[in-house]
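Here the structure comes first, spelled out in structure tokens, and everything after it is commentary.
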Amino acid sequence: MKNTVRFKLMEILKNVWLVLLLAAITACGTSTGKNAVEVAVGQESVSDKIDTESSENIDLINTVYDKFVFAIDSDGGLSPETYFTTNALKKLQADYEFDCEEIPCYAYYALRTGMQDSNPESDGVSQIYKIDSDENGWYVVTYSDMGWPGKTRIKIRDGKIDDYQRLNQ
């Protein structure tokens, strides 16, 4: 008789568990949950757009440092208009400190530390360490300029570099 009571008790507990499970599944299917999922998906797409734009701007900065700023002969057939706005190109021309034999001449070195020789206590490598998003389209580029630490703020507008400021270390 104990076995039949135990069996019936197990059968009742099983049915109670199934009813609770069914109630939980039904509650999860309400419209409130659906709206929450739709809101979350919408927020992810906005975030993805911001991440994509930031990623494109970081790629632009890396390309400019590779092709112009850290390049030894930076004017080798490249078109700076592809990477810089008119405003930035005017500023780069104004910052150019040497005799200009072939106009226009741009001071791509203005996006560096200003040091002319390699740091004797380093390997002398020029490379970007990181690029941080600042505010209002500005990015802070942290780099090594021939072994010297440097930081420059760069403003991106319409997919091009629009302005820059060398930061003191």
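The values are calculated or read from the model by the stated rules, or taken from the named source; none is laboratory data. Small disclaimer: the values here were computed from a predicted structure and weren't measured. Note: ideal-geometry Cβ built from the backbone for every residue, glycine included; neighbour counts use all protein chains shown.
Just so you know, in segment 124-164 the residues that are at pLDDT below 95 and among the charged types (D, E, K, R) include one that is surrounded by the fewest Cβ atoms within 10 Å (Cβ to Cβ), and it is E135.
Restricting attention to segment 32-78, the residues that are out of contact with any Ser or Thr (no Cβ under 6 Å at 6 or more places or on another chain), in a helix (DSSP H, G or I) and either modelled with pLDDT of 75 or more or surrounded by 14 or more Cβ atoms within 10 Å (Cβ to Cβ) (or both) total 17.
One line per residue, one yes/no per condition, for (1) of a type in the set (D, E); (2) without any contact (Cβ under 8 Å) to a residue 40 or more places away in the chain; (3) under 15 Å from F70 (Cα atoms):
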{"position": "C100", "(1), (2), (3)": "no, yes, no"}
{"position": "L111", "(1), (2), (3)": "no, no, yes"}
{"position": "S126", "(1), (2), (3)": "no, no, yes"}
{"position": "S133", "(1), (2), (3)": "no, no, no"}
{"position": "T142", "(1), (2), (3)": "no, yes, yes"}
{"position": "I154", "(1), (2), (3)": "no, no, no"}
{"position": "D158", "(1), (2), (3)": "yes, no, no"}
{"position": "I161", "(1), (2), (3)": "no, no, no"}
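Would you say K155 is assigned to a strand (DSSP E or B) and farther than 24 Å from S79 by Cα? Considered against the rule, which asks whether it is assigned to a strand (DSSP E or B) and farther than 24 Å from S79 by Cα, K155 comes out as no.
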